[in-house]
Amino acid sequence: MASTSFALPSLQLQFPSHKSSSSNRVIVRSIKASVSERPPFISSQPVKPTKLPIRKVPGDYGLPLVGPWKDRLDYFYNQGKNEFFKSRIQKYQSTVFRTNMPPGPFISFNSNVVVLLDGKSFPTLFDVSKVEKKDLFTGTYMPSAELTGGYRVLSYLDPSEPNHAKLKKLMFYLLSSRRHEVIPEFHNSYSDLFETLENELSTKGKAGLNAANDQAAFNFLARSLYGVNPLDTKLRSDGPKLIGKWVLFQLHPLLILGLPKVLEDLVMHTFRLPPAIVKKDYQRLYNFFYDNSTSVLDEVEKIGISREEACHNLLFATCFNSFGGIKIFFPNMLKWIGRAGGKLHNQLAQEIRSAIKSNNGKITMAAMEKMPLMKSVVYESLRIEPPVASQYGRAKRDMIIESHDASFEIKEGELLYGFQPFATKDPKIFDRSEEFVADRFIGEEGEKLLKHVLWSNGAETENPSVSNKQCAGKDFVVLVSRLLLVELFLRYDSFEIEVGASPLGAAITLTSLKRASF
C-alpha cells in the first residue's frame, strides 16, 4: 500500500529540494504541492487596458459605529449571509460593492470592505503581488495571539514576512515525512467511526455523525501525522472538546450559537472573550503536540524556527486548519451526497468496488485514480459549499479589478473581501450553478472547470508554495475526502440522513446505513 501511495501525477504530495526533470510537463489534473524554488512569475508585458466600462464601486459604509452595527445585524439576524449579499447585488446591480463586514465595534474598528462576489473578480484575493494577507485570516479582526502561545502563526503571515517560508516548509515536511501513514491510518480510524455509527443506529434507530466524526478525525490526524493514538495518552478522548472551546474563542465574533439575539450579539459579537479562560485547555493540547512531534521539532532548528514557535504552529495547522476542515467538510459533503439519493450511491458503490477489486482489494492512489465519478463528487462538494467561505486581502497599490460586467478602481490600502460560495456558484461560469451535479468535473470539459474551484485559497489547478497563501495541505484534504467516500461505499450500498443546523457546517443524523449487498 505504501509503495504506491502518492506516486501518481494527478494527486501527489511532493516536497522536492531539487527541480524535477518532469516539472515542465503539462498535466490537466495536476494537483501537486511542491515547494517552489523560483519567485512567482511576473510578466514584463504592460497590463492591457480594460475594455469594460470603469464604474465607481457602489455602496457606502454608513455612519461610524451605526453603519457597521446595522450591517452586522443584517448579516447575522435580519437577513442571514446569503440574503445579505444577494440583496446588495440586486440593490447595486453589481457583484462588486462596498459594505461593512462583521464583527464591527467593539472588536474591529474598521469594518469597511470592497466585496467581490463573482468568479472573475474573486481570484484577485489570491494574487499576493496585488494584495497583502497579513493578519487577515479571520478578516476585519485578529484573535489575540495569547490563543496561540503569543505567536502570530502561519495563517496570519504574509508571504513577504521571513517566517512565512520557514513555517510553510515545516508544514510541507510534516506532510511529506508521514505520507505513507495516511491511507492505513484513515482506514483504521474511520473503520472505528462506522462501527460506532452502526452500534448507535441499532440501539437508537439513528446516529449523530458530527461528534463521532470529530473524534475519528482527531484520532486519524494524531495517528497519521504524529504516530500516536491520543486515546493512549493523557489527552485520551478530550481532543475534539478542547479544540472546540479554543476555536470558539477565536471565531466567536463570526458565529451564531442560537442564543437570544440581543444576548448573543452583545456577548459574542461586541466584546472579545478573555483568552485566559481556555489557557489550561490550550496547554493540554500544546503538551500533547510537543510530546509527540519530536522528530518534526528536531527539523525546525535546521529551518531557523524555535521548537516552541514550531509546536504552536503544528498545533494550529493540525487542530484549526486540518481538524477544522474535516469537521466542517465531511458532514457537508455527506449532506449533498445523501440528498442526491440512491442512484448516485449505487453508481459510486459500483465504481469504487470495481476499482478496488481490480487492485487486489487494496485502497491505493492508483486505484482511486480509476474512480472519475468519486473524484468529481469531491470536487463538486468543494465547489458548492467550500469549507472556508471568506477570503480577505488588502490592496498593495492602486489597481483595476474586473467583474464580468465592469471595471472598478481600487485604491491602495483598501480591504477586499470575497464570499466564496457566490464565486464558485457563478452562473456565468457554471451551468446549473446552484445544483449539486455529481459528474460535473468528469472528462476534458469538466477538468477545464477545476480552475474555478477555489476552496484552498487558490485555484484547484495551482500548487501551494512558500511564495503563496494556498493551503499547504490542499492535496491532503482532497485525498482524505476521497478516502472517506471509498471507505463509505466499500461498506454500504446507500445511506439516509436528516440535516440540521450547526455553528460550523451541517449537523448530520444518519437514519439508515444499508450494508453492502455483495
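Helix 239-251 against the longest principal axis of the chain: what's the angle in degrees, Cα atoms only, rounded to the nearest 10?
Taking the Cα atoms of the chain, the angle to 239-251 is about 10 degrees.
What's the FRET efficiency of Lys51 with Arg432 using the Cβ-Cβ distance as r and R₀ = 41 Å, to the nearest 0.05?
0.90
Dipole of segment 104-227 (Lys/Arg Cβ +1, Asp/Glu Cβ -1, origin at the Cα centre): which of His164, Tyr226, Val114 lies farthest to the positive side?
Projecting each Cα onto the dipole axis, the largest value belongs to His164.
On C-alpha positions alone, give me the angle between the axis of helix 474-491 and the longest principal axis of the chain, in degrees, nearest 10.
Value to nearest ten degrees: 40.
Among Pro58, Gln250, Pro387, pick out the residue whose Cα is farthest towards the positive end of the charge dipole of the chain, where Lys and Arg carry +1 and Asp and Glu carry -1 on C-beta, about the Cα centre.
Positive-most Cα among the choices belongs to Pro58.
Where does the chain land at 222 nm, in deg cm²/dmol rounded to the nearest 500, when only DSSP H runs of n ≥ 4 count, each adding -39500 (n - 2.57), divided by all residues?
Calculated at 222 nm, the ellipticity per residue is -12500 deg cm²/dmol.
With the crude spin-label approximation of a point 7 Å out along Cα→Cβ, what separation in nm comes out for Ser160 versus Ala145?
1.8 nm
So, in Å, what gap is there between the alpha-carbon centers of segment 464-518 and segment 292-345?
If we compute the Cα centre of each part, the gap is 14 Å.
Provide Lys70, Lys357, Lys130 ordered by accessible surface of protein heavy atoms (probe 1.4 Å), highest first.
Order by accessible area, largest first: Lys357, Lys70, Lys130.
With every protein chain in place, what's the accessible area of Cys471 (1.4 Å probe, Å², nearest 10)?
Its heavy atoms expose roughly 50 Å² to the probe.
For segment 267-355, which whole percent of the accessible surface, found with a 1.4 angstrom probe, sits on carbon and sulfur atoms?
The C+S portion of the solvent-accessible surface of segment 267-355 is 53 percent.
Place a label point 7 angstrom from the Cα of Asn287 along the Cα-to-Cβ direction, then list the residues of segment 228-261 whose backbone nitrogen is under 12 Å away.
Counting only backbone N, you get 234-236.
Among the lysines, select those whose C-alpha is under 18 Å from the C-alpha of Lys451, and discard any that sit fewer than 8 residues away in the same chain.
Qualifying lysines at Cα under 18 Å: Lys32, Lys120, Lys375, Lys425, Lys428, Lys469, Lys474.
Could you calculate the FRET efficiency of Asp135 with Arg339 from 1/(1 + (r/R0)^6), where r is the beta carbon distance between them and R0 is 51 Å, rounded to 0.05?
Approximately 0.85, to the nearest 0.05.
Of the beta bridges DSSP finds with both residues in the chain, what % are antiparallel, to the nearest 5?
Just about 75 percent of them are antiparallel.
Tell me whether segment 79-207 comes out rounded, prolate or oblate; compute the Cα gyration tensor, take square roots of the eigenvalues as a ≥ b ≥ c, and use a/c under 1.5 as the rounded threshold.
Because a/c hits 1.5 or more and a/b fails to exceed b/c, segment 79-207 counts as oblate.
Counting only Cα, what are the radius of gyration and maximum Cα-Cα distance Dmax of the chain, in Å?
When restricted to the Cα atoms of the chain, Rg and Dmax are 22.6, 68 Å.
Label Leu259 and Leu63 with points 7 Å out from Cα along Cα→Cβ: what is the distance between them in nm?
With each label point 7 Å from Cα toward Cβ, the separation is 2.7 nm.
Would you mind getting the accessible area per residue of the chain, heavy atoms of the protein chains only, 1.4 Å probe, in Å²?
44 Å²
Would you mind calculating the gained length between Asn82 and Asn229 on full extension (0.36 nm times residue separation, minus the Cα-Cα distance), in nm to one decimal?
48.9 nm
For Arg272 and Ala389, what is the calculated FRET efficiency with R₀ set at 25 Å and r taken between the beta-carbons, to the nearest 0.05?
Step by step, r from the Cβ atoms, then E = 0.70.
The values are calculated or read from the model by the stated rules, or taken from the named source; none is laboratory data. A quick note: this is a predicted structure, and the numbers were derived from the prediction, not measured. In this analysis, Cβ positions are derived from the backbone assuming ideal geometry, glycine residues included, and neighbour counts consider all displayed protein chains. The area values use the complete protein model at the heavy-atom level, side chains included, leaving out ligands, DNA and RNA. Shrake-Rupley method; radii C 1.70, N 1.55, O 1.52, S 1.80 Å.
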